[in-house]
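Below you'll find the structure, written out as structure tokens, and then a few comments.
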Amino acid sequence: MSLGGSLIAPNGIDVNFLKKFRSLILDYTKKGNKVILVCGGGNTARSYQKAARLANPKVSANDLDWVGIGATKINAELVSAIFGDKAFESILANPSKKVKTNRRIIVGAGFKPGSSSDKDAVMAAQAFGAKIVINLSNITYVYDKDPSKFKGAKAQKEMTWPAFLKLVGTKWTPGAHVPFDPVASHLARKLRMELVVMKGSDLANLKAFLSDKPFKGTIVK
């Protein structure tokens, strides 16, 4: 799961969300399932990146990415802490390398500049043999056009990778608002993975998906 940073701390830390999310994930893993949670930087990253731009208008994209990665790490430490000894004892340092552990929850963060933590979620999925990446974001569905600009935009329950890639583009911009990082999207397509985009704050909907029940969201395959 790519856990959006804006779910963890939209405007300050959302403790109520974290409590409910913790309960859902613990219930899911008690059934024998394993979960990798890769945390994004969200608004925390964007506010720090904005400050860097204001202090130095010529700040590099590489440096802005490192600022964002720092935000993902503090979010990941928080998420790991709420699971205590149920989670792997440290934040996943390199998402491309599988770690050996009996614990059913692994928490990761940003890794390297040039993409968002979405790519790290895809890399972790590859390393651990998962075929589905769930992007917990702030949208219920992916639309065929930007709904804030086009009144006729239609929600998509299913999309092909070519159609999705046409929508998100090919280039990553630090702090960008996209349904899923373009770099991560191209990698997921190459690896023939399935992407599920859904509203992360709707935990009842996430529970439905994890239980193989009807859910609201977009499947890209």
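If SER90 passes every condition in (1) touching a residue at least 40 places away in the same chain (Cβ under 8 Å); (2) of a type in the set (Ser, Thr, Tyr); (3) open to solvent by 20 Å² or more (accessible area, probe 1.4 Å) but one, which one does it miss?
(1)
Anything in segment 57-106 that is of a type in the set (S, T, N, Q) and closer than 23 Å to LEU18 by Cβ? List them, or say none.
THR72, ASN75, SER80, SER90, THR101 - these are the residues of segment 57-106 that are of a type in the set (S, T, N, Q) and closer than 23 Å to LEU18 by Cβ.
Just a yes or no: is a residue in segment 187-198 open to solvent by less than 20 Å² (accessible area, probe 1.4 Å), closer than 13 Å to ILE134 by Cβ, touching a residue at least 12 places away in the same chain (Cβ under 8 Å) and part of a helix (DSSP H, G or I)? Let's see the steps before the verdict.
Kept after step one, since they are open to solvent by less than 20 Å² (accessible area, probe 1.4 Å), are these residues of segment 187-198: 188, 193, 195-198.
Add one more test, that the residue is closer than 13 Å to ILE134 by Cβ, and what stays is 188, 193, 195-198.
After this cut, where a residue has to be touching a residue at least 12 places away in the same chain (Cβ under 8 Å) as well, the list is 188, 193, 195-198.
Add one more test, that the residue is part of a helix (DSSP H, G or I), and what stays is 188.
Scanning segment 187-198 turns up at least one residue that is open to solvent by less than 20 Å² (accessible area, probe 1.4 Å), closer than 13 Å to ILE134 by Cβ, touching a residue at least 12 places away in the same chain (Cβ under 8 Å) and part of a helix (DSSP H, G or I).
Consider THR101 carefully, then state whether it is farther than 22 Å from LEU206 by Cβ, at pLDDT 90 or above and β-branched (Val, Ile, Thr).
Numbers: farther than 22 Å from LEU206 by Cβ: yes; at pLDDT 90 or above: yes; β-branched (Val, Ile, Thr): yes.
Taking the combined requirement at face value, the residue satisfies it.
Out of all the residues in segment 149-165, is one or more of a type in the set (Val, Ile, Thr) and within 15 Å of the chain's Cα centre (by Cα)?
So far as segment 149-165 goes, no, none of its residues is of a type in the set (Val, Ile, Thr) and within 15 Å of the chain's Cα centre (by Cα).
Matching residues to (1) touching a strand residue (DSSP E or B) at 6+ places or on another chain (Cβ under 9 Å); (2) among the acidic types (Asp, Glu); (3) modelled with pLDDT of 90 or more; (4) within 26 Å of ILE8 (Cα to Cα):
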site	(1), (2), (3), (4)
LYS131	yes, no, yes, yes
LEU136	yes, no, yes, yes
GLY152	no, no, no, no
GLU158	yes, yes, yes, no
THR170	no, no, no, no
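Does PHE180 satisfy being outside any loop (DSSP other than H, G, I, E, B), touching a Phe, Trp or Tyr at 6+ places or on another chain (Cβ under 9 Å), of a type in the set (Phe, Trp, Tyr) and open to solvent by less than 50 Å² (accessible area, probe 1.4 Å)? Please lay out each step first, then the result.
Values: outside any loop (DSSP other than H, G, I, E, B): no; touching a Phe, Trp or Tyr at 6+ places or on another chain (Cβ under 9 Å): yes; of a type in the set (Phe, Trp, Tyr): yes; open to solvent by less than 50 Å² (accessible area, probe 1.4 Å): yes.
Spelling it out, it is not the case that PHE180 is outside any loop (DSSP other than H, G, I, E, B), touching a Phe, Trp or Tyr at 6+ places or on another chain (Cβ under 9 Å), of a type in the set (Phe, Trp, Tyr) and open to solvent by less than 50 Å² (accessible area, probe 1.4 Å).
Failed condition for ALA76, given (1) over 30 Å from LYS154 (Cα atoms); (2) among the aliphatic types (A, V, I, L, M); (3) open to solvent by 70 Å² or more (accessible area, probe 1.4 Å), with all others met?
(3)
The values are calculated or read from the model by the stated rules, or taken from the named source; none is laboratory data. The structure displayed is predicted, hence computed values, not measured ones. Quick reminder, even Gly has a Cβ in these numbers, built from the backbone with ideal geometry, and neighbours come from all protein chains shown. Please note that ligands, DNA and RNA were not included when accessible areas were found on the heavy atoms of the full protein model with its side chains. Shrake-Rupley method; radii C 1.70, N 1.55, O 1.52, S 1.80 Å.
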